[in-house]
Amino acid sequence: MPRTNSSTRARLINAALELFSSQGVTETTTRQIAELARVNEVTLFRQFGSKQGLLLAVIEDSAVFTHLAEALREQVNQTSHLDEALRNYASDRIQALEQIPELLRSVVGEAGQYTLESRQALGRGITLANRDVARYLSTVIEGEQLDSRLPAEKLSSLLNVMLFGYLVIELTCEFHELWDSREDFLESLVEVFLHGAVSTQRKSSASLNENSSLQPSLMGAREMQQKVADLPATFVHSILQQAKKQELRAYALAYVLFGTGLTAQEVVALERSHQICDAHQHLLQVTQGAVRQVPVNQWIMGKRYGSYTRNPLTQWLKSRKDDQLALFINDAGQPMSEPELVAAWQEFTSGLLTPEGQPLSVEQARQTWCVEMLMKGINLEDLSILSGLDSTQLQPYAWRAREKAAIERAVRLDQKA
């Protein structure tokens, strides 16, 4: 008997989906649905109560909501970073909604004609799904010990509204120029949440203080602070702009230095084949010193410099006509040497001086990258893997990141006052 009920329910839902998609929810009658499903109309009412109840069941049974809570619980066990959690959820929901394009168009186009009962049914379904997403986000945020400026349910609501709006535009408009691709939209969405809705700073210094290896003495802290000379965002953006005005090679070089944190020695050893680039990531394979892979950041000090597939480095490589294997070459078309890289740095940083009145050094790009990565929320273990530095060498950067975080909190408090 349960198998028969399950089969009847499935036939009714499939029939409703077909009719709702082809002729709209408003124009579809329960009799038509029952006839297509080859069941008595009374059976439809016994199973779902009304057409509104059936509409809600169709939406819930679609890939948009089916087993959503279970899927999110499984995802949260495999996800440790908020950016990954946001990207995975957003990508999955978009793919699910794309499976029912006609139904989505019908729901959007006919919503004004729905009865109050239908709108309430839709509202309940969306609210329940939203709570599942809120629990998912809350678990990830707590796991990373991040400060959320909004309750999890509000974050979830904003996220779902943005995703639904994206699909509505994609399914109803042509030739818009709002984003380059789905990946472009997803990357922008994640960045909005990371830098707008959620602060990637630790909840307090207590979480860092639990690790005794990060607790320097007062004198040691002062010494470490003096060793780190990271650059302010205004300097970094000015350097990138000056490099861009000079030439594409200089722009690409500055982009790699600030976007990867590599040393000058590591950069000049890079070859074209050491680049891994697709719509989801842009990596460089480091072969000098600590062998490792390093991501090329699109966002540098709060500003985006292209995408994974179109940025200063990919544009520089695309413009080249030579057969050299080296990632960077000099004016003679030969692999760039370390002194030549330093000379290029001095040229596109000319006019900028340290507080002591000294020219900027190329090592400051690496120091700036390390501090920025810590400010974004990366832990020391992961930063050690990406930078090739051990935990002792990273302690000055951890201190500097805590100092900058403290300054930012103090400024926010002053602004609130």
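The values are calculated or read from the model by the stated rules, or taken from the named source; none is laboratory data. This structure is a prediction, so every number in the text was calculated from the model and none was measured. In this analysis, Cβ positions are derived from the backbone assuming ideal geometry, glycine residues included, and neighbour counts consider all displayed protein chains. Accessible surface areas use protein heavy atoms only, side chains included; no ligands, DNA or RNA. Shrake-Rupley method; radii C 1.70, N 1.55, O 1.52, S 1.80 Å.
Within the stretch 330-349, the only residue that satisfies the criterion of being among the hydroxyl-bearing types (S, T, Y) and surrounded by fewer than 16 Cβ atoms within 10 Å (Cβ to Cβ) is S337.
Criterion applied to L327, L352, L389 was being modelled with pLDDT under 95, of a type in the set (A, V, I, L, M) and crowded, with 18+ Cβ neighbours inside 10 Å, and the one residue passing it is L389.
Has the stretch 371-381 got any residue that is small (G, A, S) and closer than 18 Å to L283 by Cβ? Scanning the stretch 371-381 turns up no residue that is small (G, A, S) and closer than 18 Å to L283 by Cβ.
One line per residue, one yes/no per condition, for (1) part of a helix (DSSP H, G or I); (2) open to solvent by 50 Å² or more (accessible area, probe 1.4 Å); (3) among the polar types (S, T, N, Q); (4) modelled with pLDDT of 90 or more:
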{"position": "R3", "(1), (2), (3), (4)": "yes, yes, no, no"}
{"position": "S6", "(1), (2), (3), (4)": "yes, yes, yes, no"}
{"position": "L17", "(1), (2), (3), (4)": "yes, yes, no, no"}
{"position": "S21", "(1), (2), (3), (4)": "yes, no, yes, no"}
{"position": "T28", "(1), (2), (3), (4)": "no, no, yes, no"}
{"position": "Q32", "(1), (2), (3), (4)": "yes, yes, yes, yes"}
{"position": "E35", "(1), (2), (3), (4)": "yes, yes, no, yes"}
{"position": "L44", "(1), (2), (3), (4)": "yes, no, no, yes"}
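All of K227, K321 fail the test of being touching a residue at least 40 places away in the same chain (Cβ under 8 Å) and open to solvent by 20 Å² or more (accessible area, probe 1.4 Å), apart from K227.
Remark: pairs (first residue in the stretch 117-144, under 30 Å from E381 (Cβ atoms); second residue among the aliphatic types (A, V, I, L, M) and at pLDDT below 75; Cβ separation under 6 Å; 6+ apart in sequence or on different chains) = Y136/L72; Y136/V76; T139/V76. Screening E271 with (1) in contact (Cβ under 8 Å) with a residue 40 or more places away in the chain; (2) over 28 Å from P396 (Cβ atoms); (3) touching a helix residue (DSSP H, G or I) at 6+ places or on another chain (Cβ under 9 Å) gives one miss only, at (3).
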